[in-house]
Amino acid sequence: MPVVLHLDHGTSFLQNVQCLHAGFTSLMYDGSAEPLDKNIEISAKICEIAHAVGLPVEAELGKIPKIEDYVSAEEADDLRSRPESEQVEILREKAGPSVEELMADPNQAQRFVQGTGIDSLAAAVGSIHGMWADSWPLRRDRIEELRKATNLPLVCHGSSGVIRTRADAQEKGIELMPNECTLEEAVQIGICKVNVATAVSMAFLKGAWDAWQERLTEKDLRKILLPGLQSAKELVRGYMRLFGCSGRVAGASAVAASEVKHAE
Ligand SMILES: [Zn+2]
């Protein structure tokens, strides 16, 4: 597997230059809080220096929100105690309209890509950063429109919270709208880099926690952390199979997998 050291959500031109100098092999600038012209200007500058030394650049368009934008810590505890199908229904009301409003505009995306020269586009396509369970759908129509408008590999941030397969949705009683899709489907229609940091972090914590609960008298840190590592590894293995990047590539996923330029 080719592996890169990637700067995620780089905050400025300066930080990107510092990371390039420090040895990072893939950069990102997140100018989603800036007006479009400023986002284009800074992303283009970063592309110029990164491309001079052969590094790829990812940039963000639209705004991928985080779950904390919509629910407080107490509300999250309450939500988590409910069945996932219910969580999705509540979130559809609480966050749905805002998530839709923040999605990347395909017309702007074309201008953004042409004006910057970026290698991959972190486009807001309906996901939410930092969700604790995989239950939330992506917007199929927006992924298809953005892919058509840009012809670039798309990056899906906030993928930890995205429902993985139709079978998972059915099992959890989550109903998908006709314009929505699962993570498995998203990698077949243009998502080429999938960010799942929250899920990996939670798998690690759960593995370590379970090991500690089993043996509270344990004093050796390694005996608690290693099961955490193993649990994160198993999750990543499952994701790699789902995304078609484990060598077991079939059908349409082969297209997406062949376009993967870098992975986190
Ligand atoms: Zn992100």
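Quick rundown of the values:
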item	result
Mean separation of Cα contacts under 8 Å (6+ apart) over length of the chain, as relative contact order %	16
Lysine pairs in the chain with Cα atoms under 19 Å, if 8 or more residues apart or on separate chains	13
Rg/Rh for the chain, where both radii come from Cα atoms and Rh is the Kirkwood radius	0.98
Total formal charge among the other residues, if their Cβ is under 15 angstrom from that of GLY115, Lys/Arg +1 and Asp/Glu -1	-4
P(r) histogram, all alpha-carbon pairs of segment 86-146 included - 5 Å bins from 0, percent	4, 16, 26, 22, 15, 10, 6, 2, 0
Acute angle (nearest 10 degrees) that the helix 36-52 long axis makes with the longest principal axis of the chain, alpha-carbon atoms	90
Alpha-carbon centroid distance for the pair segment 103-141 / segment 45-85, whole angstrom	10
Normalised per residue, the volume of the convex hull around the Cα set of segment 146-213 (Å³)	99
Inter-centroid distance (Cα atoms) of segment 178-239 relative to segment 1-40, Å	25
Positive-pole candidate from MET131, LEU152, LEU5, dipole of the chain, charges at beta carbon	LEU5
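A short reminder: the numbers here are calculations on the coordinates, not readings from a lab. Predicted model, so just to flag it, every value in this text is computed and none were measured. Note: ideal-geometry Cβ built from the backbone for every residue, glycine included; neighbour counts use all protein chains shown.
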